[in-house]
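The values are calculated or read from the model by the stated rules, or taken from the named source; none is laboratory data. None of the values given here were measured: they were computed from a predicted structure. Cβ placement follows ideal geometry from the backbone for every residue including glycine, while neighbour counts extend to all protein chains displayed.
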Amino acid sequence: MFGYLSKKVTLRKPSPNKISMGMPGCANNDFYSLFIEVPDLDFKMLCKKEHEKGYEGFLWINKKQGFDASILKSELKKHKYTLMIKHYYKGFIFEYNSPFLFVISTVFQKHRFIYSKDKLEQAIFNNKQLVRSDRIKLLEYILEKTNVKPDYITSPLSIGQEIYSRRWFYHPDSRARFYFAHNLTEKQF
């Protein structure tokens, strides 16, 4: 029953051929990829459409190059198969290996909750004043990383992400911090 519901929901909004995961393209993502995998036959299918007698999509056999194909429902019932669902929603990817968990998550709108929570956390982070690491503290940070990993290499973008997480990229003051870190890391000592 949950498998049937999962297929119906996901095939209403199938994924396009090319999926944008970078901003601003991913801001409008809200679609699904439904994979049917049959371990006995060693094939995996990305379903795009359901017909009365089967499914249409892209098929990989033995994990080699794929091609467009159709699978009859009657043939699919003869083998044990699994469903894997990916929900692409505004830059997030939610993966489900269980039709039951997918249906429950869809009913309770888990994707909207997580997206709203992330937007709220970003808004709170954007209101914080980023502390400008002075030269000595930043150099101590780089020295500690180099002691742990002798071949440690960094860049202004990496340092910002390591100190503040990925939220740093979206902070209104990130450009000034980038130039500060750039000036420090580009100096020859």
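Whether any residue in the stretch 120-138 is closer than 28 Å to Glu50 by Cβ, of a type outside the set (A, V, I, L, M, F, W, C) and outside the structural domain of Gly160 (by TED's automatic domain parsing) is what I want to check. No, that holds for no residue. Here is a check on your reading of the model: is Ser74 on the phi < 0 side of the Ramachandran plot and either touching a strand residue (DSSP E or B) at 6+ places or on another chain (Cβ under 6 Å) or surrounded by 15 or more Cβ atoms within 10 Å (Cβ to Cβ) (or both)? Judged against the criteria, Ser74 is not a match. Only a single item in (1) at pLDDT 85 or above; (2) within 23 Å of the chain's Cα centre (by Cα); (3) among the charged types (D, E, K, R) is not met by Lys63, and it is number (1). Checking the structure you have, find out if any residue of the stretch 40-49 is assigned to a loop (DSSP other than H, G, I, E, B) and touching a His at 6+ places or on another chain (Cβ under 8 Å). Yes, the stretch 40-49 contains at least one residue that is assigned to a loop (DSSP other than H, G, I, E, B) and touching a His at 6+ places or on another chain (Cβ under 8 Å). Scanning the stretch 148-183 for residues that are among the aliphatic types (A, V, I, L, M) and not in a loop (DSSP other than H, G, I, E, B) returns Val148, Leu157, Ile159, Ile163, Ala176, Ala181. Taken together, the criteria exclude Asp42 from residues that are at pLDDT 80 or above and over 20 Å from Phe67 (Cβ atoms). Do we have Ile85 as under 24 Å from Tyr115 (Cβ atoms) and either of a type in the set (S, T, N, Q) or in contact (Cβ under 8 Å) with a residue 24 or more places away in the chain (or both) here? Yes: the conditions hold for Ile85.
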